[in-house]
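First up is the structure itself, then whatever we jot down about it.
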Amino acid sequence: MWKFLVPFIAFLGLVALFALGLNPKRDIHALPSPLIGKPAPLFSLSDVVDPNRVVDNASLKGQVYVLNVWGTWCFACREEQQALLEIARQHVVPIIGLDYMDDRAKARLWLQQLGNPYQAVAFDTDGRTAIDWGVYGAPETFLVDGQGRIVFKFISPMTVDVWQREFLPRIAAARKGGA
Amino acid sequence: MRAGLAVRGLLGALLACALLALAAAPGAHALDAYGQIEDPALQARYEEIIKQLRCLVCQNESIADSNVELAADLRRQVREMLIAGKSDDDILKFMTDRYGEFVRFSPPLEPKTWLIWGAPFVAVLLAAAIVFRVARQRGRQSVDDEPTPGPT
């Protein structure tokens, strides 16, 4: 009896392990952020469009907002731009951009040509803000609640579908939870 | 004769390549503009730490080996923290606070990771138990099977 049962259970275990590992829906490059539930790192950077203007997130405290990390070198960012514009049109929360590892002139041209969904775009010249936020690629999109805590992080191009499914319920919850 | 020469030439070229590769290997780090840290002890710690940190873009490379910009930014971060007098633990904590435990190539020993660290030992013990059992069974069998001495 045991001679049969033990290998069989081991086999089922392996099947389960491989099913988890080979699941095509699982993005092996998407890493869970340890910053979820933690205070959003503060930044104070110059604006991409107007270098004399300061973009800081401390002044956003009390508001739910979205931080979208992008760069003109990032193909997937081009892909998500239409979705971001659509989301911005809904005026649910302010979308702040964090332009990462980029060139100012290129970034401005990008915003002119593709449209600008952002309330403001912070220019991260040396990647320090990105490190603080645990950014390891682009696009990455964070949701910050009214207490200035990171509630959610989405890695991959934003879509309207993801916005409705993952962001809107969390925004509603964040607003209900206080602020 | 000519073929022999050609083979020798090829072997020589291969050897030269191998030697070159060997010579280049110790210095095969991604290079930064900053140069070495003045204090050799700090430089040694720097090299040790960046070997332990994973490049999150390439994931199977350390930030010591990767040429990706993020890796360069992280190396700069390590360097600055070392010069500012931070301990190795401070630096590792800085990284894991932002990027999670995944940023370290070797996970720390804690309840969450007991399975990872323990699995190889469990496997060896299990294998030893199986070998022991099988050996004992065979031993018993061979005693039983010993041919009775026949007439000569």
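Go through (1) modelled with pLDDT of 95 or more; (2) buried (at least 21 other Cβ atoms within 10 Å of the Cβ); (3) within 14 Å of chain B (Cβ to nearest Cβ) and name the single condition residue A:67 misses.
Every listed condition holds for residue A:67 apart from (3).
Please pick out the residue among B:96, B:113 that is within 30 Å of residue B:61 (Cβ to Cβ), in the same structural domain as residue B:49 (by TED's automatic domain parsing) and at pLDDT below 95.
Going through B:96, B:113 in turn, just one is within 30 Å of residue B:61 (Cβ to Cβ), in the same structural domain as residue B:49 (by TED's automatic domain parsing) and at pLDDT below 95: B:96.
Kindly indicate whether residue A:125 is in contact with a Leu (Cβ under 7 Å, 6 or more places away or on another chain) and hydroxyl-bearing (Ser, Thr, Tyr).
Taking the combined requirement at face value, the residue does not satisfy it.
Looking at A:118, A:136, which one is within 14 Å of chain B (Cβ to nearest Cβ), closer than 18 Å to residue A:80 by Cα and of a type outside the set (Val, Ile, Thr)?
A:136
Can you name the condition, by its number, that residue A:32 falls short on among (1) outside any loop (DSSP other than H, G, I, E, B); (2) within 14 Å of another protein chain (Cβ to nearest Cβ); (3) open to solvent by 100 Å² or more (accessible area, probe 1.4 Å)?
Every condition holds for residue A:32 apart from (1).
Of all residues in the range A:35-44, count the ones that are touching an Asp or Glu at 6+ places or on another chain (Cβ under 6 Å) and outside any loop (DSSP other than H, G, I, E, B).
So the answer is 1.
Of the numbered conditions (1) of a type outside the set (Phe, Trp, Tyr); (2) open to solvent by less than 100 Å² (accessible area, probe 1.4 Å); (3) within 23 Å of residue B:104 (Cα to Cα), residue A:49 fails exactly one; give the number of that condition.
Result: residue A:49 passes all but (3).
For the range B:33-152, please list each of the helices (runs of 4 or more DSSP H) lying entirely inside it that holds at least 3 residues being surrounded by 10 or more Cβ atoms within 10 Å (Cβ to Cβ) and within 14 Å of chain A (Cβ to nearest Cβ).
B:69-83, B:88-99, B:114-145
The values are calculated or read from the model by the stated rules, or taken from the named source; none is laboratory data. In this text, all values refer to a predicted model and were calculated from it rather than measured experimentally. For neighbour counting, all protein chains shown are included, and Cβ atoms are generated from backbone atoms with ideal geometry for every residue, glycine included. Each accessible area value is taken on the protein alone, full model and side chains, heavy atoms only, with ligands, DNA and RNA left out. Shrake-Rupley method; radii C 1.70, N 1.55, O 1.52, S 1.80 Å.
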